[in-house]
1. What is the projected area of the convex hull of the Cα atoms of the chain, averaged over all directions, in nm²?
2. For segment 145-159, take each phi angle, set θ = phi - 60°, evaluate the Karplus expression 6.51 cos²θ - 1.76 cosθ + 1.60, and give the result in whole Hz per residue in order, putting x for glycine and proline.
3. Of the options I259, V200, P214, report the single residue whose Cα projects farthest towards the positive end of the charge dipole of segment 160-329 (beta-carbon charges: Lys, Arg +1; Asp, Glu -1).
4. Here is the link list: K282/K302; K185/K252; K12/K76. Which ones come out longer than 28 Å on Cα distance?
5. Between segment 114-163 and segment 174-204, how many Å separate their Cα centres?
6. So how do 243-254, 11-22 stack up, highest first, on mean other-Cβ count within 10 Å?
7. With +1 assigned to the C-beta of every Lys and Arg and -1 to the C-beta of every Asp and Glu, and no other charges, what is the dipole magnitude of segment 1-75 about the Cα centre in debye, to the nearest 20?
8. Of the options F319, T281, L243, report the single residue whose Cα projects farthest towards the positive end of the charge dipole of segment 160-329 (beta-carbon charges: Lys, Arg +1; Asp, Glu -1).
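None of the figures in this text is laboratory data; all of them are computed from the coordinates on show. On a predicted model such as this, the values are computed, not experimentally measured, just so you know. FYI the Cβ positions are ideal-geometry reconstructions off the backbone, even for glycines, and counts take in every protein chain you see.
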Amino acid sequence: MQFVDEVVIYVKGGDGGRGCVAFRREKYIPKGGPCGGDGGRGGNVYLIGDESLNTLYHLRKPYRFVAERGRHGEGKKKTGRSGKDLYIKVPPGTLCFDSKSGELIGEVLNKDDKLLVARGGRGGRGNARFASPTNQAPEYAEEGEPGEEREIRLELKLLADVGLLGIPNAGKSTLLSRISAAHPKIADYPFTTLHPVVGVVEYRNRTFVVADLPGLIEGASEGAGLGLRFLRHVERCKILLHLVDLAQDPDKIVKDIEIIEKELVNYNEELLSRDRILVGTKIDYPIAKGNISLLYELAKAKNIEAVAISSHTKENLEFLMTTLYIKIWR
Ligand SMILES: Nc1nc2c(ncn2[C@@H]2O[C@H](COP(=O)(O)OP(=O)(O)OP(=O)(O)O)[C@@H](O)[C@H]2O)c(=O)[nH]1
Ligand SMILES: [Mg+2]
């Protein structure tokens, strides 16, 4: 199933019911007073957090969500029934924006969190409300208020135990395909991965979720390449695996690491202090083997852990899994 992390949908609160114009008609009372009831309120539209979902895939069509309208008022001062509220299920971690203005309406972070996205219209007042000493038989009532309508953009921030980060071609998707049953596309050109891919890793009777994120390039935090859209997922990953291709010149290795760090800081400074492991990849290449000590030196200077792996020969993958296992389940 494709992972969908951004959708635009149309939402509209129910219209309010019309107020009623009516007069009492009873035996022996020839001219009764006004008794038109108010219209009911239209239903509201809410987003609600549902833990069984982890993508916005179910909302990918150009959907319209319109809540039920309020019933019209009736005679004998009977208020119309309110329209039912409408709940749209979204995975926890969904941000909601007004798609025109870009304004953040709110976020649904936890299970059962409710966010009002379109308010139902008020019901119109019936003529009973308009009776006054000067007009004891008002012949009018109000229309119901229309429900609020707008287009909203939903963005999902992935919730994963581990996020794979690195410049294009670092080997992120290859690693995911080795440690989980996921089949991300792998190729020797940049930007092979265009959408995050999530894999579930099973290790020693436990499972954890690993997110393969599209490659980052210099300026991603300002929108270059696939840009910011994917950096937001990093925010909700507990552990970051920062992959760097060791089968290249030392200068390039240093530069590749810096690019990612710079983008992380630019996006959100707190991310640099997130639990991060530097993972050198492709050590099946002889030239990469020679760069392993450099990897450890760089990691030591940054005060973070490092592991050198090959997804092709599986060298050190077991060690990497154990390291993750301990961090997640300690
Ligand atoms: N020799 C060798 N090649 C590898 C290894 N891991 C990945 N590769 C190759 O490196 C290239 C890029 O791998 P991907 O896994 O697609 O890289 P990515 O980081 O997901 O790239 P983007 O999705 O573009 O960001 C592919 O040709 C892989 O076969 C490895 O351990 N050894
Ligand atoms: Mg990839």
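1. Working: hull surface 90.3 nm².
For the Cα atoms of the chain, the hull's average projected area reads 22.6 nm².
2. With the stated coefficients, segment 145-159 comes to 6, x, x, 5, 10, 6, 9, 10, 10, 9, 10, 9, 9, 4, 10 Hz.
3. So the residue we want is V200.
4. Values: K282/K302 22 Å; K185/K252 25 Å; K12/K76 31 Å.
Table pairs above 28 Å Cα-Cα are K12/K76.
5. Going from one Cα centre to the other spans 46 Å.
6. On the way: 243-254: 18.1, 11-22: 26.0.
With the highest mean Cβ count within 10 Å placed first, the list reads 11-22, 243-254.
7. Working: 12 positive and 9 negative charges, 142 e Å.
With only Lys, Arg, Asp and Glu charged at Cβ, the dipole is about 680 debye.
8. Positive-most Cα among the choices belongs to F319.
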